[in-house]
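The values are calculated or read from the model by the stated rules, or taken from the named source; none is laboratory data. Just so we're clear, the structure is a prediction, and the values are computed from it rather than from any experiment. Here the Cβ positions follow ideal geometry from the backbone for every residue, glycine too, while neighbour counts run over all protein chains shown.
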Amino acid sequence: MSKRLSFSLPFDADLDEYLRQEIPDHVDYRVINQSLDARNANRGRKPVNQWTVEVVCQGEKFIKFEEKFPNLGPLAKKPIIVGAGPAGLFCALRLAEYGVPSILIERGERAHKRMLHIARFWRYGEFDKENNVCFGEGGAGLFSDGKLITRIKSPHVPYVMQRLVDFGAPPDTAWLSNPHLGSNKIRGLISKMSDYLLNNGCEIHYNTRVDELLEDDGKIVGVKLSNGQTLESDNVVLAVGHSAHDMYHELVKKKVKLEAKDFAVGVRIEHPRELIDQIQYGDFAGKDLGAARYRLSWEDPSSKKGTYSFCMCPGGYVLSSGTEADGIVVNGMSNYARNSRWSNAALVVSVKRDQDFSTEDVLGGMTFQREIEKKAYQSSLEHATGRELPAQTLAEFMGGEARALPKTSTPSGIYRADLKTILPEFIINHLKKALKHFDRSMNGFVSEKALLIAPETRTSAPVTVLRDKESLVSVSHSGLYPCGEGAGYAGGITSAAADGVKVAMSILKTNKSLTE
């Protein structure tokens, strides 16, 4: 019988050597979990790795993690999955593993072709409304960065991680506490997953948008596509992502039950990577620890609003990520090596429904986001070409003198802007207050070398598409399964993928009397 061990080792210690000394009769081991603890490294405390490993000695075997799926056979009408992001892909994958092929509908291109459109947008401002950082095979987060950090406790998370490894992710994806695939590695992985689905009876319609949900007496019975074709199904999964504004309008039109939700808006803050590494690691910076991460949060005691870092990209890039030609949105990403000269993160302020935007219109939050994005675009047109991103030095933002903008990671270019002409006053004020607190937590964070780039508006969906807690079916329309981040049930790649698996299992239970 194998046994598990949990222990700490200095970050530069050799794991193999440690196990040879501690368990000399072991014949093999495998890592269950590894996390780096670099707290107080800037105060001279040596970083350590927290390890959990499974060890076997002569005659023992590893515990198998394999899952077996009975072949249940196809449904009379293939389930339709709208959106080939992490939620949609993993929903289709789980169904296929049970022998139930589905139809995936994706408004954009396959991942490798999609990148060509995105690159032209970043470099030349040639916008494609169907192929951008949010739309296209792989979805938003999965394509643009590949961070797999999640705090959800879903039993489907280990499955998601292992399947990513099966399709080409590095083996440590299955056991690192904060795994990261990177934009440069994700494209091949996504293509392999899609090819697997195609080889297992699934259909995938690329460059095809769902323009209408087909309804019959309170039941969603299919979809009408942008090419005029209609498809029928008893199970329609809505996994469109948080930026499919046209689908939100369609849901309102069909009177699908929605609820406005809180989200957050702010900026991207970019520092030289070397500075963040020094702040976080102190004398250990540059010693095989990789690019340093941080996580910051502060709640204003008077307003009860939180300001926090989000989607931190060590050794990364700031990218233009809008989905409309007349709006600017920023996001961040890192390649697998995290080796760019900059590190960035979103710094965002809570935006509360009924307080910061009216919910008389259920899409009031979406309108709030779009107004900011349009201001940014108009400002860029006025001061540049409409392609460049509005930016301001952190020193000037905090009340210092105007300075020339430093070099930046963004391929779209930047221009100097007064961010208070773009962002609402309460967001500006909360950012200024929070930054003072963050500088106390990370001495030197408020640096003359830091840059703010705006606006970060698409942190999460502005609505929740309400669904039954048990069946996961829309509370207003049978046959419709709201799924993933765009429906308000996930907050990143891993949680969206896990929600896709969860919806697939619900479809199987309903249609095949399956019990998990």
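Brief remarks on what is shown
- Taking segment 417-451 as the range and being farther than 28 Å from S495 by Cβ, in contact (Cβ under 8 Å) with a residue 24 or more places away in the chain and touching a Lys or Arg at 6+ places or on another chain (Cβ under 9 Å) as the test, the residues that pass are T421, I422, F426, V446, E448, L451.
- Filter result for Y159 (out of contact with any Cys (no Cβ under 6 Å at 6 or more places or on another chain), touching a residue at least 40 places away in the same chain (Cβ under 8 Å), closer than 20 Å to Y489 by Cβ and surrounded by 14 or more Cβ atoms within 10 Å (Cβ to Cβ)): yes
- Looking only at segment 460-505, and only at residues there that are polar (S, T, N, Q) and surrounded by fewer than 22 Cβ atoms within 10 Å (Cβ to Cβ), the one that is nearest to G85 (Cα to Cα): S460
- Scanning segment 469-490 for residues that are touching a Leu at 6+ places or on another chain (Cβ under 7 Å) and part of a loop (DSSP other than H, G, I, E, B) gives V473, V475, C483.
- Qualifying residue in segment 408-421 (condition: in contact with a Phe, Trp or Tyr (Cβ under 8 Å, 6 or more places away or on another chain), crowded, with 22+ Cβ neighbours inside 10 Å and assigned to a helix (DSSP H, G or I)): yes
- Residue match in segment 291-298 (condition: closer than 20 Å to F438 by Cβ, in a strand (DSSP E or B), aromatic (F, W, Y) and within 20 Å of the chain's Cα centre (by Cα)): no
- Of the residues N132, N184, N207, the single one that is over 23 Å from K502 (Cα atoms), surrounded by fewer than 23 Cβ atoms within 10 Å (Cβ to Cβ) and modelled with pLDDT under 95 is N184.
- Lone qualifier among G365, G332 - being crowded, with 20+ Cβ neighbours inside 10 Å, in contact (Cβ under 8 Å) with a residue 40 or more places away in the chain and in contact with a Cys (Cβ under 7 Å, 6 or more places away or on another chain): G332
- Verdict on E396 being free of Cβ contacts under 8 Å to residues at least 40 places away in the same chain, in the same structural domain as Y294 (by TED's automatic domain parsing), acidic (D, E) and over 30 Å from G315 (Cβ atoms): no
- Only one of the listed residues (D246, D234) is in the same structural domain as S476 (by TED's automatic domain parsing) and either in a loop (DSSP other than H, G, I, E, B) or on the phi > 0 side of the Ramachandran plot (or both). That residue is D234.
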